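Enquirer: Mind having a look at this structure? Questions to follow.
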Amino acid sequence: MTFKITATNSLEFLYKDHSYRVFKPKTKGQDLKALTKVFKHCEGMLSHYSKVLVARIDLSTNSYSINNQAFLAFIKKQLSILTKQYNSKVSYVCARERNTSLNHHYHLAILLSGHKINHSYTLTNQLKHAWESEGLGSASFVKHPYYVMQRGNKQSIEPALYRLSYLTKLATKEMNIKAHSYLFNKLDHFTKHDSKRFTDILLVDPAITYKQKTKDIQSKSKTARPSKIHTNSITQKSILRKIEPYKCNSVIAHTDHFIVGNNDHLTIQYPLHRKYIGQMIDHFIYIHIIKFHKVIALIERSLSPTT
């Protein structure tokens, strides 16, 4: 699957009054109940840590089982090891699937403090070695194996949620079996900050969003160049000269490109504001109409019979 989020491979999912792009399956759609649980699980981790690493790995089994006992025993042991190793809460999100093969497989995501670990290489290699050494099957690394979610920063969280939403697609899930298709460990929110206001900004903090957009606008205005005005017979210089009588006290302020005018430091933006271009054209036409009337008057005077 591709991990570049586009309009064709994603769909909108509404969670707590915010829209997120999630994986769009080709068939059967999303399990919305499981997807909501994934969002809540990520919120739970972000209530404990302002940075959370999400690491992905796939586990294939040697033989088919009607239950998840072997996996649950494995993951319980690994969570205990990882908790001590990284001195962090460790949680997981997992999906059991079976497509055309005889055996089932697991899509596993491990979540832990991003302050303790910022890359998945050691973690996923450790899980692969443990799964295969216990004779449970083979483990496969995936492309783009990890993400770091930052509390309240939607730009960092949405790609991770999109990736996790692949696990909640209905396609390839087994129906009418006792084994659960979705597996999570129990995770409580951090009670010290257990308030509605705190939990509502774990995924999207308006203050962080505002800062990011302001930074983006400033960055664009620094790198962008002033656009040129293309006219048939009037150059930019002459346009500015003609516009001089119509300067107003207020500054023409927009967010894109700015230049400094003559010695009075009037700031004028390219492309020129429509209002002032209109005034310039009106002035230009008015002057030429007066000249035209004077010429006509002279012609009439010369043609009139003298008495």
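The values are calculated or read from the model by the stated rules, or taken from the named source; none is laboratory data. Model, not experiment: these values are computed from the prediction. Methodologically, a virtual Cβ is constructed for each residue, glycine included, from the backbone with ideal geometry; neighbour enumeration extends over all protein chains shown.
Enquirer: Could you list all residues from segment 117-129 that are surrounded by fewer than 15 Cβ atoms within 10 Å (Cβ to Cβ), assigned to a helix (DSSP H, G or I), of a type in the set (S, T, N, Q) and within 28 Å of the chain's Cα centre (by Cα)?
Expert: If the condition is that a residue be surrounded by fewer than 15 Cβ atoms within 10 Å (Cβ to Cβ), assigned to a helix (DSSP H, G or I), of a type in the set (S, T, N, Q) and within 28 Å of the chain's Cα centre (by Cα), then Thr122 is the only one that fits.
Enquirer: Across segment 66-84, what is the total count of residues that are crowded, with 16+ Cβ neighbours inside 10 Å and over 22 Å from Leu35 (Cβ atoms)?
Expert: Number of matching residues: 5.
Enquirer: Checking Tyr106 against (1) among the aromatic types (Phe, Trp, Tyr); (2) within 23 Å of Ser50 (Cβ to Cβ); (3) in a strand (DSSP E or B): exactly one of these is not met. Which one?
Expert: (2)
Enquirer: Suppose we filter Phe198, Phe190 for residues that are surrounded by fewer than 18 Cβ atoms within 10 Å (Cβ to Cβ), in contact with a Ser or Thr (Cβ under 8 Å, 6 or more places away or on another chain) and either closer than 30 Å to Gln69 by Cα or of a type in the set (Val, Ile, Thr) (or both); which single one remains?
Expert: Phe190
Enquirer: Provide a single number: the residues in segment 6-16 that are surrounded by 10 or more Cβ atoms within 10 Å (Cβ to Cβ) and assigned to a loop (DSSP other than H, G, I, E, B).
Expert: Result for segment 6-16: 2.
Enquirer: Taking Ser19 as meeting all but one of (1) at pLDDT 95 or above; (2) not in a helix (DSSP H, G or I), write down the number of the exception.
Expert: (1)
Enquirer: Continuing with this model, one more query. Which residue, of Glu158, Glu174, is among the charged types (D, E, K, R), touching a Lys or Arg at 6+ places or on another chain (Cβ under 9 Å) and at pLDDT below 95?
Expert: Glu174
Enquirer: Scan Gly152, Gly114, Gly137 and give me the residue that is at pLDDT below 95 and crowded, with 17+ Cβ neighbours inside 10 Å.
Expert: Every option except Gly152 fails the conditions.
Enquirer: Pairs only if they're at least six apart or on different chains, beta carbon under 9 angstrom, first in segment 34-46 and surrounded by fewer than 23 Cβ atoms within 10 Å (Cβ to Cβ), second modelled with pLDDT under 95 and in a helix (DSSP H, G or I); list them, first residue then second.
Expert: Short answer, once both residue conditions are applied: Glu43/Thr199.
Enquirer: Filter segment 159-183 for residues that are more than 16 Å from the chain's Cα centre (by Cα) and in a helix (DSSP H, G or I); which is nearest to Lys33 (Cα to Cα)?
Expert: Only one residue fits best here, namely Thr168.
Enquirer: Shifting gears a bit: How many residues does segment 130-158 contain that are farther than 20 Å from Phe198 by Cα, in a loop (DSSP other than H, G, I, E, B) and small (Gly, Ala, Ser)?
Expert: 1
A quick yes/no check of all residues on (1) of a type outside the set (Gly, Ala, Ser); (2) touching a residue at least 24 places away in the same chain (Cβ under 8 Å); (3) in contact with a Leu (Cβ under 6 Å, 6 or more places away or on another chain):
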site: Glu12; (1), (2), (3): yes, no, no
site: Ala73; (1), (2), (3): no, no, no
site: Thr83; (1), (2), (3): yes, no, no
site: Lys89; (1), (2), (3): yes, yes, no
